[in-house]
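Written below as structure tokens is the structure these notes are about.
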Amino acid sequence: MSFLIERLHARQVLDSRGDPTVEVEVTLEGGARASAMVPAGASTGRHEACELRDGPGGGYGGRSVMRAVGHVNTELARALAGADAREQAALDRRMIELDGTPNKSRLGANAILGVSMAVARAAAAGLGVPLWNYLAGSRAARLPLPMINIISGGLHAGRNLEFQDFLVEPHGFPTCAAALEAAVRIHRKTGETLRAARYALTGVADEGGFGPRMKSNRAALDLLTRAIEAAGFESRRQVSIAIDVASSHFYRDGLYRLASEGRELTASGMGEMLAEWIDRYPVVSVEDPLAEDDWDGWREITARLGSGCRLVGDDLFATNIKRLERGIREGVANAVLVKMNQIGTLTETFEVIDRAREAGYAAVISARSGETEDSFLADLAVASGAGHIKVGSVTRSERLSKYNRLLAIEDEPAAPPWEQ
Ligand code: PGA
Ligand code: ZN
């Protein structure tokens, strides 16, 4: 079996919002073939790698990605022809060098990541092993605990609420399948509770959750806590709550502007409000409680809440090792959100996950709000042993493709353990 790359081919396809994205196909000389699709965010951070779009004059109102596709089909295809697909780190390094910019803005992180993912999948196919197994290498693989979106807000649901995600963590269950079943029951019960309270439920939010126009973030927390219990689960012991505040989008001039709560808060004020909510509701994880460059505020909030709660940096770290190193040095956050397309290669993604674990930080492998049917993320979460995965709700197939992949992995004869 030859693992040398014979052909790289990219095309433009559509993601779950009907936006163009990149798909890359790799063929190895030995005949193995694989493809991968790249996701896209909406509440993107300022420090993410550059997603190359064609801009004015391009298709789809400038959202098309034909330049990124072209870079795969010309420069990257030429540079990687004949390279060994098993040499992931060398291939990724070669693409980074070829791009030559600090944020992959010349070739596009969407072009580079598509190749990075497809090459790994082709190598696994050539070896005849599951992707998670191939990606794990010497790491201890394990099935991750899903964090499931039930109520959405922010930029994913027409700004109905300021906070972006209200999620459940079903941790008190014997298998990943049982945890997912619990989440589905809570999702249904939340729908019934919202309908009974006469909220209009038309359509679903970008990640498949409900997007009701509720009167406050606190009201959403309150309702979700009630739904967990109404679904027959004991909150805290079996099911807890995670929130993604995604605060960068309502932070202006030093203040967090929470119109629905009728408050404009400083970073300390946010800490105080969240401390009260963590105490009152079964909240175990808070993502981006403060804005992406509010390092002073983050240090303070970590000192205040970090011992009793997972504090996850998404826009803050942007899956960037330099930003994570700064966080570790300065005692900022205690967990990192990992999104492959924030950084643009598989090798750099693993570097962040491995460093986080070494420093005692948790890692949450995350989808984007714009996803595809590609389930790569599920294998990545299992392979890295990260412990947590966050891919959205239990509706919409771009979300379910990841959950269904976890169910398939759990069903394999040599399935990795589910240890929570
Ligand atoms: P995004 O949202 O993909 O729109 O950035 C996901 C998140 O904030 O976790
Ligand atoms: Zn986030």
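The values are calculated or read from the model by the stated rules, or taken from the named source; none is laboratory data. If you're wondering where the values come from, they're calculated on a predicted model, not measured in any experiment. As a convention, Cβ positions derive from the backbone with ideal geometry for all residues, glycine included, and neighbour counts pool all protein chains shown. Accessible surface is based on the protein model in full, side chains and every heavy atom, while ligands, DNA and RNA are left aside. Shrake-Rupley method; radii C 1.70, N 1.55, O 1.52, S 1.80 Å.
Points worth noting:
- Filter pass, residue 312 being outside the structural domain of residue 40 (by TED's automatic domain parsing), modelled with pLDDT of 95 or more and within 16 Å of ligand 1 (Cβ to nearest atom): yes
- Selected residue (criterion: nearest to residue 1 (Cα to Cα)) from residues of segment 124-157 that are of a type in the set (S, T, N, Q) and open to solvent by 10 Å² or more (accessible area, probe 1.4 Å): 133
- Members of segment 61-77 that are in contact with a Leu (Cβ under 8 Å, 6 or more places away or on another chain) and crowded, with 20+ Cβ neighbours inside 10 Å: 65, 68, 71, 72, 76
- Just one of (1) surrounded by 21 or more Cβ atoms within 10 Å (Cβ to Cβ); (2) more than 16 Å from ligand 2 (Cβ to nearest atom); (3) within 30 Å of residue 281 (Cα to Cα) fails for residue 367. It is (2).
- Those residues of segment 97-155 which are among the basic types (Lys, Arg) and part of a helix (DSSP H, G or I), in sequence order: 121
- Of the helices (runs of 4 or more DSSP H) lying entirely inside segment 290-347, those containing at least 3 residues that are of a type outside the set (A, V, I, L, M, F, W, C), open to solvent by 40 Å² or more (accessible area, probe 1.4 Å) and out of contact with any helix residue (DSSP H, G or I) (no Cβ under 7 Å at 6 or more places or on another chain) span 321-330.
- Conditions (1) surrounded by fewer than 24 Cβ atoms within 10 Å (Cβ to Cβ); (2) small (Gly, Ala, Ser); (3) in contact (Cβ under 8 Å) with a residue 40 or more places away in the chain; (4) touching a helix residue (DSSP H, G or I) at 6+ places or on another chain (Cβ under 7 Å): number failed by residue 85: (1)
- Evaluation of residue 32 against (1) touching a helix residue (DSSP H, G or I) at 6+ places or on another chain (Cβ under 6 Å); (2) among the aliphatic types (A, V, I, L, M); (3) within 14 Å of residue 341 (Cβ to Cβ) (one fails), failing number: (3)
- Among the conditions (1) within 22 Å of residue 405 (Cα to Cα); (2) open to solvent by 10 Å² or more (accessible area, probe 1.4 Å), residue 213 misses just one, which is (1).
Yes or no, residue by residue, for (1) open to solvent by 40 Å² or more (accessible area, probe 1.4 Å); (2) within 16 Å of ligand 1 (Cβ to nearest atom); (3) assigned to a loop (DSSP other than H, G, I, E, B); (4) outside the structural domain of residue 22 (by TED's automatic domain parsing):
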| site | (1), (2), (3), (4) |
| --- | --- |
| 355 | yes, no, no, yes |
| 373 | yes, no, yes, yes |
| 378 | no, no, no, yes |
| 390 | no, yes, no, yes |
| 394 | no, no, yes, yes |
| 399 | no, yes, no, yes |
| 404 | yes, no, no, yes |
| 417 | yes, no, yes, yes |
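- Whichever residue in segment 235-256 is more than 16 Å from ligand 2 (Cβ to nearest atom) and in contact (Cβ under 8 Å) with a residue 24 or more places away in the chain and, among such residues, is surrounded by the fewest Cβ atoms within 10 Å (Cβ to Cβ): 237
- Close pairs (7 angstrom Cβ cut-off, 6 or more residues apart or separate chains): within 20 Å of residue 45 (Cα to Cα) and open to solvent by less than 10 Å² (accessible area, probe 1.4 Å) in segment 275-288, away from ligand 1 (no atom under 16 Å from the Cβ) and assigned to a helix (DSSP H, G or I) anywhere: 286/274
- Residue satisfying all of: in segment 182-234; among the small types (Gly, Ala, Ser) and not in a loop (DSSP other than H, G, I, E, B); nearest to the chain's Cα centre (by Cα) among these: 183
- Residue within segment 41-52 that is of a type outside the set (Gly, Ala, Ser) and over 16 Å from residue 105 (Cα atoms) present: no
- Contact annotation: residue pairs with Cβ atoms under 8 Å, 6 or more positions apart or on different chains, pairing a residue in segment 386-412 that is farther than 17 Å from residue 135 by Cβ and of a type in the set (Phe, Trp, Tyr) with a partner that is at pLDDT 95 or above and assigned to a helix (DSSP H, G or I), are 403/180; 403/378.
Quick grid of which residues meet (1) at pLDDT below 95; (2) closer than 25 Å to residue 197 by Cα; (3) of a type in the set (D, E, K, R):
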position	(1), (2), (3)
243	no, yes, no
247	no, no, no
257	no, no, yes
266	no, no, no
273	no, no, no
282	no, yes, no
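- Residue, surrounded by the most Cβ atoms within 10 Å (Cβ to Cβ), within segment 158-181, restricted to residues that are among the small types (Gly, Ala, Ser) and in a loop (DSSP other than H, G, I, E, B): 172
- Looking only at residues of segment 295-340 that are among the charged types (D, E, K, R) and within 12 Å of ligand 2 (Cβ to nearest atom), we find that the one that is farthest from residue 375 (Cα to Cα) is 315.
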